[in-house]
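A short write-up of the structure that comes next.
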Amino acid sequence: MAAKDTQPDMPSTDVTRRDAAHSLTQDTQTQDIQNQDTQQDTSTHVDVSSDNTRKHESAAAHVSGQAVYTDDQRLPAGMLSAAPVMSPHARARILAINLADALEHPGVVTILQIGDVLGINDTNPHARDEVLFPVDEVCFVGQPVVWVVAETEAIAAEAAKLVKVDYEPLAARLTMDDAIAEGEFHGDPMVMSQGDIAEGLAVSDTVLTGDVRMNGQDHFYLETQAAWVMPDTEGNYQVYSSTQHPTETQTVVADVLGIPFSRVVVTCLRMGGGFGGKETQANPAAAVAALASLKTKRPVRVRLKRHWDMHMTGKRHGFLGRYQVGFDSTGKVHALDLKLYSDGGWSSDLSLPVLQRAMFHSDNAYTIPNMHVEGRVCNTNKASNTAFRGFGGPQGMIVIEDIISRVAQHLGKPADEVRARNFYSDGDLTHYGQTITETRLPRVWQELKDNANYDARVREIEAFNASQPYSKRGLAITPVKFGISFTNTPLNQAGALVLIYTDGSIQVNHGGTEMGQGLHTKMLEVARRALGVDARRFRVMPTSTDKVPNTSATAASSGSDLNGQAVLQACETIKERLLAVAAKLLEAAPETIDCVNDTFIIKDNPQEQVSFDDVIKRAYLEQISLSATGYYRTPNIYFNKLKGKGKPFHYYAYGAAVSEVEVDGFTGCFKLRQVDIVHDVGTSLNAHIDRGQIEGGFVQGMGWLTMEELVWNDDGKLLTHAPSTYKIPTIGEVPEAFNVNLLERAPQEGVIYGSKAVGEPPFMLATSVREAIRTAVAAFASSKPKHVPLASPATPEATLMAIEKVCQTVLDTEFVVGD
């Protein structure tokens, strides 16, 4: 059904609210609305049509430590814990497994092996290439071989050390270069193309070739992978899982146990962060706990220690881009021939769609009339890499931003001018065949440059750099154009279930999961606006497969778009029934009535009114249903993978960021001095939530590009497997001058209340930090260099090497010319 772009203004009517009926309490299986507007008199009028600044529904519980996560629940009697026995080899043949000593350890109940699997020994329900227990070979360091199940977690972990596994080490592929050389890939090549590459390169004034490499990134969610499973006496299993995709977790658990999906209920209370790392990789933990529960007939928990989690789970994919780009003397790009390679790890997981999204976004905001992109996923002996915020989009965008920066430097032109010269205009076609309409980037770009006083600061930084030999500042502005929708079209659907009780309190169920991003808060906003009642009536329920079945993952920035429309439809179905009841009480036609501030009123005569509670009671007495399901699917999107053409995105989110850095020439360390952002969120459902997502996404992106360095040794063991060795951004890296503005007067047609997705697009705004560092590095040279290669992440070591390289290159060039 079509979304409403705006909510009409309604007359104000004071109502009396029953605090007792609206007061909600939180237990271990609920995400309740607590302490909302605690400073507000409950008899005060609230305009429910326009409050988009309500605080996060679990904010108080989060900061007080009262929020309940999967492993925070009250332990049931007899609960067991499981711990993994992990492979020390990147690739090896399993010769023998000796469990005798571990089984004799006091407190050990059983040890799970492949023979315990009654169903399918696999946790990838799509490709079937990710075994739960290795059959005869291990494929990465950290792969679980068996699981010890014991009375406590400590006993299980200690006994796991007693399991003896004999291996025969085998040659392993540890890099993308190894996989490319050996021709070892997951899946088939993917291609997207438009125009004529040969002709485009031929008409270009300049053609450059090069490559861009970038590392991966650990999700580093505060809550590691966790799952609890409780069996009943009838062959059913209640699973509590920290998962972004309860339906897929349900599917995997049922497949492993060899039982129908209906016998497994998966509930996600909330997650302590996900970022894509719990879209598929929550499944093995839940499957192991379920298998142990089946075998022991007792409840079982799996909670990974941090170093287990970092060894066992996949990361953001590392990428390699090899390109040939042609452009003219103005900086206009005429042709781009690009090959993208991603490091998939040992199994396919989501690597193919991640690569596909990277290919979709390898244009970012730029129209390139002749463009050919080919992609391959490398098969390496590492943990299977997976979804991460942006889902490949950031990797594709880093490649094109690197290319545009190089074009500007080669021509000696300001990078912001070259970027703007190549922006899409309405009517342009992408390389995958989607027409650009209603592009907001020029407006975002100019508004940001004005807000940030960009041109004046460029001059100020030039003056600073001229006077400071040992430190240099850099300023950069970069754009974001990010497509919103699952590119696997069938995933663009969602369901909801809304229940109203006779005391006027309301439960909202939807298929999205809450991982701190504020989805439940936004769904509360949708429901209260749709029904016209106060938020204190609502209880947003934990996501559960017995309430809303067959859901898609909470991913692709689609949580609010899809689930919001489903919640809206459910609420409108109920409201239509209630309007008919109110019409009888008010002796008026249903179409002349609306519900505003807990009161049904006649629109043209608001003094004629009846309370929401009275209408609910009358509806029950008249035997009218007070519950409804809602369903939504995104219209008019499609993509032909074989042709590489279609309309995969419902719309695009736009944004831009200006970052200013100062780089120390002795250490390569940088300080982020100021950030200015303008981002397009449409008409925000909740401005506080959206600002938080923009700020958090930017900082996480900055971490990926500047400090989060994954390091493996020559044997394929991850060396950066703990907070002591893997550095993520802290408050110290966030500048005091952090200015975020939401694009105003920007409703998006055809989406929930005119809002836009905001989870992933802001991540890519951090590209401006990398480009600002590149600009500062260039300033160390005595004359402008033609090219400043910069590693990703641009760690202090990498930045220092870049400084030394540009200075030496300029010196070498000057020497040759002078000679």
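Scanning segment 416-459 for residues that are assigned to a helix (DSSP H, G or I) and aromatic (F, W, Y), we see that the one that is farthest from D402 (Cα to Cα) is Y454.
The residues in segment 698-741 that are in contact with a strand residue (DSSP E or B) (Cβ under 6 Å, 6 or more places away or on another chain) and not charged (D, E, K, R) can be counted, and the count is 9. The residue of segment 417-437 that is surrounded by the most Cβ atoms within 10 Å (Cβ to Cβ), among those that are in contact (Cβ under 8 Å) with a residue 40 or more places away in the chain and over 25 Å from G375 (Cβ atoms), is V418. One residue alone among H126, H186 is over 22 Å from M310 (Cβ atoms) and assigned to a loop (DSSP other than H, G, I, E, B), and that residue is H126. Against the definition (of a type outside the set (K, R), buried (at least 17 other Cβ atoms within 10 Å of the Cβ) and modelled with pLDDT of 95 or more), how does P723 come out, yes or no? In short, no.
Scanning segment 757-784 for residues that are open to solvent by 10 Å² or more (accessible area, probe 1.4 Å), in a loop (DSSP other than H, G, I, E, B) and in contact with a strand residue (DSSP E or B) (Cβ under 6 Å, 6 or more places away or on another chain) yields a single hit, F780. Residues of segment 523-544 that are more than 15 Å from C595 (Cβ to Cβ) and either in a loop (DSSP other than H, G, I, E, B) or open to solvent by 10 Å² or more (accessible area, probe 1.4 Å) (or both): R536, R539, M541, P542, S544.
When each of P394, P369 is tested for being at pLDDT 95 or above and either among the β-branched types (V, I, T) or closer than 19 Å to A766 by Cα (or both), the lone residue that passes is P394.
Filter segment 293-317 for residues that are part of a strand (DSSP E or B) and surrounded by fewer than 23 Cβ atoms within 10 Å (Cβ to Cβ) and give the result.
Passing the criteria: only R303.
Residue count for segment 94-123, restricted to those that are outside any loop (DSSP other than H, G, I, E, B), aliphatic (A, V, I, L, M) and either under 15 Å from D255 (Cβ atoms) or open to solvent by 20 Å² or more (accessible area, probe 1.4 Å) (or both): 9.
Checking the conditions here, which among L338, L320 is among the hydrophobic types (A, V, I, L, M, F, W, C) and surrounded by fewer than 24 Cβ atoms within 10 Å (Cβ to Cβ)? Criteria check complete, one pass: L320. For segment 75-93, the set of residues classified as farther than 17 Å from P231 by Cα and surrounded by fewer than 18 Cβ atoms within 10 Å (Cβ to Cβ) consists of P88, R93, listed by residue number. Residues of segment 568-619 that are open to solvent by 60 Å² or more (accessible area, probe 1.4 Å), touching a residue at least 60 places away in the same chain (Cβ under 8 Å) and touching a strand residue (DSSP E or B) at 6+ places or on another chain (Cβ under 7 Å): K603, Q609. No other residue among Q565, Q507 is within 21 Å of the chain's Cα centre (by Cα) and over 21 Å from T249 (Cα atoms) apart from Q565.
Return the residues of segment 349-380 that are open to solvent by 10 Å² or more (accessible area, probe 1.4 Å) and closer than 29 Å to P144 by Cα; say none if nothing qualifies. Hits for segment 349-380 are D349, L350, L352, P353, R376, N379.
The values are calculated or read from the model by the stated rules, or taken from the named source; none is laboratory data. Model, not experiment: these values are computed from the prediction. Methodologically, a virtual Cβ is constructed for each residue, glycine included, from the backbone with ideal geometry; neighbour enumeration extends over all protein chains shown. Side chains included, ligands, DNA and RNA excluded: accessible areas come from the protein's heavy atoms. Shrake-Rupley method; radii C 1.70, N 1.55, O 1.52, S 1.80 Å.
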